[in-house]
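Okay, structure first, notes after.
The values are calculated or read from the model by the stated rules, or taken from the named source; none is laboratory data. What you see is a predicted model; the values in this text were computed from it and never measured. With ideal geometry, Cβ positions are generated from the backbone for all residues, glycine too; neighbour counts draw on all protein chains shown. The protein model used for the area step is the full one, side chains on, heavy atoms only, and it has no ligands, DNA or RNA in it. Shrake-Rupley method; radii C 1.70, N 1.55, O 1.52, S 1.80 Å.
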Amino acid sequence: MLTSDRLRIVLAASEAVPFSKTGGLADVSTALAKSLDQQGHSVTVIVPDYRQLRLAKQEQLPAIADAGLRFSISMNGRYVTGGVNWTMLPDSGVKVLLISQPDYFDRPQLYMEDGEGYQDNCERFCFFSRAVMEVCQQMVLRPDIIHCNDWQTGLIPGLLHSQFAGRPGFENAASVMTLHNMAFQGRFWYHDMPLTGMDARYFNMHHMESWSDLNLLKTGISFADQITTVSPTYAQEICTTDGGEGLDSLLSFRKRDLVGILNGIDTSIWNPESDPHLSASYTVQEINPGKAKCKSALQQRMGLPQRDRVPLFGMVSRMSDQKGFDLIAECASRLLFDDIQIAFLGTGDARYEDYLRHLAYENPSKVAAYIGFDDGLAHQIEAGADAFLMPSRFEPCGLNQMYSLRYGTLPVVRRVGGLADSVVNVEPETLRSGVATGFVFDDYSSSQLAETVERAVELYRQPGVWDQVMKNGMSADWSWQSSARHYVDTYRRALERRHERAAENRQ
Ligand code: ADP
């Protein structure tokens, strides 16, 4: 690679494994950074230094050192000081800078406690976004691209466009904004505007304001040189009234700069051949006895009867309205009429947690629910289950269905967002052509979900066909390499757009 082809990329995110995680964003930040590094680019990930990191098992973390930098940011007239720790992503050349500010980040959770978002989330993540810019400048990172992710970093494209434009180190920098989930926009009352450090004139409907609120995701969409989202189907859905969560007109307006890139998965972490969380390993060439052993171990761990020929469905998920738990509740008795087992893992809305505890209590031989966050168990469910439930109302990309495919666990999904882009429905034609990988339904309805589960149970009784569908899914390539190449194309387009805009402004 020529030096001129090598991009200096700063990836700013509110979470990244193994330092912090509440959802898919954490997996994506790390896996994308590693792939870009493997393709020869220079990558720095910047994340907050949360308490979660200090609590993580030290043997799972690389060594962390003080970078020796202190900076102060005026947050609405009050100077707040931050520091920087640094480390490397394991098995890569990716540098990680951890922004430390104990009042903001040394807390029990990342964003919320007991279902309530922290009152000062706007202040915390405005500080983080502004810190990213300060650190880029003071550590002379000279980024070509600042890649921002979700509302927590949505302010950054605005800062790059206004107060940092033309400052040393940012002359050639372009911004890319990735939308991982339009349901979370970082909307705050307009009194928080001074925390952003942006001129008050940007508080208007074309830039930072929506429906009288300050909207940090909108800020990112308005100012970024390129916008990406995490699947081609979701890129179309968010330009419609149904999927745009109020920002569809802005996204339609910026359609030329919007692209959907399906996430990959980290195949070094999610690999049934080498997964340390599993009691047995397996490959597409030799699925059993490995997968059967994983099933038995999962049944044992979850307290379900250890039976071989019963279809075991798994579900690992945030327990929120997005993920289709209301559909499951509506059709649970119909589903459990069949001889099946279901293993749930998740945390979230208390009503769903309580409901699943109750369902498991009432049906101990069929349902098990572990309410909590447990990465090891998530791997064990992916491997031990026969099929995986994702009846989402909407799903920007979804990672679990790709983990399932890789682990020979057939996904049962609704045809939305990234689920539509990654699972091929079992039907006579797709079976014949060897591309069927799972079960897909269209309407957000409990009867369609129940029918689809019944279809899965039916196919499970034809082991030869089931095995072939497993193999189709396991043979697909979900690695980050091709997605990362799409991101690099987008980065180059962002640089072109930035130069075009600069030329327009000069005229
Ligand atoms: P989202 O980002 O909307 O929550 P994704 O499917 O994209 O959904 O990613 C969810 C990620 O979080 C997956 O890696 C999944 O395994 C993990 N996950 C979700 N809930 C739990 C849990 N309770 N325990 C362990 N891992 C979980």
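When only C-alpha pairs under 8 Å and at least 6 residues apart count, what is the relative contact order of the range 290-478, in percent?
For the range 290-478, the relative contact order is 21 percent.
Using a probe radius of 1.4 Å on heavy atoms only, what accessible surface per residue do you get for the range 360-507? Whole Å² is fine.
41
Distance in nm between label sites at Leu61 and Arg461, each 7 Å beyond Cα in the beta-carbon direction?
5.3
Can you report the principal axis dimensions of the range 136-251 using only the alpha carbons, biggest first, rounded to whole angstrom?
Cα spread of the range 136-251 along its principal axes, largest to smallest: 42, 34, 18 Å.
Scan around Phe388 for amide H atoms under 5 Å from its own, H built in the peptide plane at 1.01 Å from N, and keep only partners 5 or more places away or cross-chain.
Amide H neighbours of Phe388, under 5 Å, 5+ apart: Gly314, Leu410, Val412.
Could you please tell me the mean projected area of the C-alpha convex hull for the range 184-323, averaged over all directions and given in square nanometres to one decimal? Provide the component values of the computation, followed by the final result.
Values: hull surface 52.6 nm².
Result: 13.2 nm².
Residue by residue through the range 313-328, what is 3J(HN,Hα) from phi via Karplus (6.51 cos²θ - 1.76 cosθ + 1.60, θ = phi - 60°)? Round to whole Hz and write x for glycine and proline.
9, x, 8, 10, 6, 4, 8, 9, 4, 4, 8, x, 5, 5, 5, 4
Take Asp308, Asp150, Asp375 and sort them by solvent-accessible surface of the protein heavy atoms, 1.4 Å probe, largest at the top.
Asp308, Asp375, Asp150
Using only C-alpha positions, report the orientation-averaged shadow area of the convex hull of the chain, nm², one decimal. Mind dumping the intermediate values first?
Numbers: hull surface 94.2 nm².
So the Cα hull casts an average projection of 23.5 nm².
Using the C-alpha gyration tensor of the range 318-360, what are the square roots of 5 times its eigenvalues, in whole angstrom, with the largest one first? Spell out each step's value before the answer.
Details: eigenvalues 66, 24, 16 Å².
Equivalent ellipsoid semi-axes, largest first: 18, 11, 9 Å.
What share of Cα pairs, in percent, lie more than 29 angstrom apart in the range 290-478?
Working: 2078 of 17766 pairs.
Above the 29 Å cut-off, the range 290-478 has 12 percent of its Cα pairs.
Could you tell me the relative contact order of the chain? Use alpha-carbon pairs under 8 Å, at least six residues apart, and round to a whole percent. Could you put the intermediate results ahead of the total?
Values: 1000 pairs, mean separation 61.5, N = 507.
That works out to 12 percent.
What does the accessible area per residue of the range 6-46 come to in Å², with a 1.4 Å probe and no ligands, DNA or RNA counted? Each step should come with its number before you reach the end.
Working: 880 Å² over 41 residues.
With all protein chains present, the range 6-46 gives 22 Å² per residue.
Taking the alpha-carbon centroid of each part, what is the distance from the range 141-158 to the range 312-379 in angstrom?
Going from one Cα centre to the other spans 37 Å.
Could you give each residue of the range 384-389 its phi-based ³J(HN,Hα) in whole Hz, using Karplus coefficients 6.51, -1.76, 1.60 with θ = phi - 60°, and x for Gly or Pro?
x, 6, 8, 9, 10, 8
Given a 1.4 angstrom probe, I'd like the percentage of the accessible area of the chain that is carbon and sulfur, rounded to a whole number. Intermediate results must be reported in sequence, preceding the final value.
Details: 10270 of 20850 Å².
That fraction is 49 percent.
The range 478-507 to the range 196-266: how many Å between their Cα centroids?
Here the two parts' Cα centres lie 17 Å apart.
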